[in-house]
Amino acid sequence: MPAADLVLTGAHVRTLDPGRPRARAVAVRDGVIVAVGDADDVRALSGPGTERIDLTGATLVPGLVDSHSHPVWGLEMATGLDLSAVRDLDALRDALRGADRVGGWVIAWGLDHNAFGGRPVDRGLVEDVLDGAPAFIRLYDGHSALASGAALSAAGITGPRAFAQRSTVVCDAAGRPTGHLVEHAAMDLVQAVLPRPSSAVRRARLVELLSAMAATGLTGAHVMDLGGGDVPELLASVEADGDLPLRLRLAPWCMPGTGRDGLDEIVALQAEAGRLWRVGGAKFFMDGTVEGGTAWLEHADCHGQGTEAFWPDPEAYADAVRRLHAAGVRTATHAIGDAAVRHVLDTVASLGPGGRLAHRIEHIETVPDDTVPRFAELGVVASMQPPHTAYTRADHSDEWSRRLGDARADRAWRMRDLRDAGAYVALGSDWPIAHHDVRQVLATARSPRGAASAGAGLTGSMALEGCTTHAAVAAGEADVAGRIAPGYRADLTAFGLDPVAAPADEVAQAPVRLTVAGGRITHRGA
């Protein structure tokens, strides 16, 4: 038998393989696991070219996967001034007053809705500290932004606009834009005139970001977008010179108004692939965000908003899902509000038994009791982002909770309820909405924050499964990924502690001893 490329010994191996849940050694050849067992079981696979690594004291687990991330599109979102630490209007004004210019613009991101203290989002709150510069400030949710008067002028925005999707250029009583842009189509008007980095800069930033992700233990990510459309070329150019630090599975967006030709294009894109990346699936939006007033709710929020779907004709969404399903394309649908989640579940139910484990719902921030068991009944994967809970407060004084009211805020991020009901729950960060550190994902899944803190968190085993076996099910890759077993991908993560048994706060800071993606070491810790 040919020698292995890589042999790992000495670790406490959590394989997540029911046939052999524990081991002490793993051997890898050509990006695939070829042996799992004790040191004696892999000794014969060592040869002159084999790299042997002693992981004594470490715990080796299947490679961790971020089940919802935006590492390419997110590079555009996370451009300019980071406002994620801003907590109030005074701090926002101070930050903008001294902000560097990017091509003459003030560009910022990550602003918490709570910083406005309940005031309407309006350019008048910050216009005087910008010295006339065009400014584009993305709020943390990625679904809304604040544009200055000069930015609105640059984009030719002088009043309300009509869109094919639920998007709004917010205007005052006189029809003048306030600068608040809600949802993608409205934001795109300004984004189209923003200064853009060169392809070389984007490529360098992407490799740097993916390397930073690997340093936290990530070996892969489900990418919920296809960026600006040139992402396959961008990834191919990186792989022309080396390997990607992470395995990427990308899902292009399917937006309202997409007709038969557009759906055929999405189907055709499924053939695009490289060594460690591929297009796999399609991403839909059924609603927006609670804080932005665009989550689709069964009852209006406290501002009378949230009663409309992102797709003006929800049945057109269902038809698009059915067409893609018939073509063998998996779908992931952003659905935060209870009405949005219910419509997606109803759509999958209309597919019959063939829809089981082929479709997933992203976010699921608030749902009533009768909705929870339907995930397991229909085989719909729940894709959830525990770090999002940090944007809320246990006393419900935050914007998310106030908009929903106590009853719905008490149903926040029901990860444990979904698991206990038998559903697959895949976990992710939604970077750049939250930090990409997968250790934070594991920790907050076990100890949810804010409005979700009153409920039970996941166990350590459940959290690990959310980034491994359940992530593999969500991608339709359970036969090749998510376990440490012969024939499975050699995607592996080694921590300096046991992520299942250690306390959640220690997992959040766990030393990362080794990260392996496709059999190649992408990070070595101390």
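The values are calculated or read from the model by the stated rules, or taken from the named source; none is laboratory data. Bear in mind the structure is a predicted one, so any value in this text is a computation, not a measurement. Note: ideal-geometry Cβ built from the backbone for every residue, glycine included; neighbour counts use all protein chains shown.
In the range 189-203, the qualifying residues are those that are at pLDDT below 95 and in a helix (DSSP H, G or I), and the one that is surrounded by the fewest Cβ atoms within 10 Å (Cβ to Cβ) is Ala200. Can you find a residue that is closer than 26 Å to Val169 by Cα, part of a helix (DSSP H, G or I) and not aliphatic (A, V, I, L, M) anywhere in the range 337-344? Taking every residue of the range 337-344 in turn, at least one turns out to be closer than 26 Å to Val169 by Cα, part of a helix (DSSP H, G or I) and not aliphatic (A, V, I, L, M).
Can you report the number of residues in the range 403-416 which are surrounded by fewer than 20 Cβ atoms within 10 Å (Cβ to Cβ) and touching a residue at least 12 places away in the same chain (Cβ under 8 Å)?
3
For the range 293-320, filtered to residues that are among the aliphatic types (A, V, I, L, M) and closer than 18 Å to Ala164 by Cα, the residue that is farthest from the chain's Cα centre (by Cα) is Ala316. Residues that are touching a helix residue (DSSP H, G or I) at 6+ places or on another chain (Cβ under 9 Å) and assigned to a loop (DSSP other than H, G, I, E, B) within the range 153-171 comprise Ala155, Gly156, Ile157, Thr158, Arg161, Phe163, Ala164, Gln165, Arg166, Ser167, listed in sequence order. Tell me which residues, restricted to the range 388-403, are touching a Phe, Trp or Tyr at 6+ places or on another chain (Cβ under 9 Å) and either part of a helix (DSSP H, G or I) or closer than 20 Å to Met224 by Cβ (or both). Selection gives His388, Thr389, Tyr391, Glu399, Trp400.
Residues considered: Ala463, Ala451, Ala501, Ala471. Of these, the only one that is assigned to a helix (DSSP H, G or I), within 29 Å of Ala412 (Cα to Cα) and out of contact with any Leu (no Cβ under 8 Å at 6 or more places or on another chain) is Ala451. From the list Ala300, Ala268, the one residue that fits, being small (Gly, Ala, Ser), over 23 Å from Arg330 (Cα atoms) and either modelled with pLDDT of 95 or more or assigned to a loop (DSSP other than H, G, I, E, B) (or both), is Ala300. The number of residues in the range 231-254 being surrounded by fewer than 19 Cβ atoms within 10 Å (Cβ to Cβ), touching a residue at least 24 places away in the same chain (Cβ under 8 Å) and either in a loop (DSSP other than H, G, I, E, B) or not assigned by TED's automatic domain parsing to the domain that holds His325 (or both) comes to 1. Give the residue that is surrounded by the most Cβ atoms within 10 Å (Cβ to Cβ), with candidates limited to residues of the range 319-359 that are over 22 Å from Arg411 (Cβ atoms) and of a type in the set (D, E, K, R). In this case the residue turns out to be Arg330. Among the numbered conditions (1) more than 15 Å from the chain's Cα centre (by Cα); (2) part of a strand (DSSP E or B), the only one that Ala332 does not meet is (1).
Of the residues in the range 203-222, not one is among the polar types (S, T, N, Q) and more than 22 Å from the chain's Cα centre (by Cα).
Rundown of residues vs (1) in the same structural domain as Glu291 (by TED's automatic domain parsing); (2) touching a helix residue (DSSP H, G or I) at 6+ places or on another chain (Cβ under 8 Å); (3) not acidic (Asp, Glu), yes/no style:
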site	(1), (2), (3)
Thr178	no, yes, yes
Ala185	no, no, yes
Glu208	yes, no, no
Ala212	yes, no, yes
Asp225	yes, yes, no
Gly229	yes, no, yes
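Which count do you get for residues in the range 156-171 that are in contact with a strand residue (DSSP E or B) (Cβ under 8 Å, 6 or more places away or on another chain) and surrounded by fewer than 23 Cβ atoms within 10 Å (Cβ to Cβ)?
9
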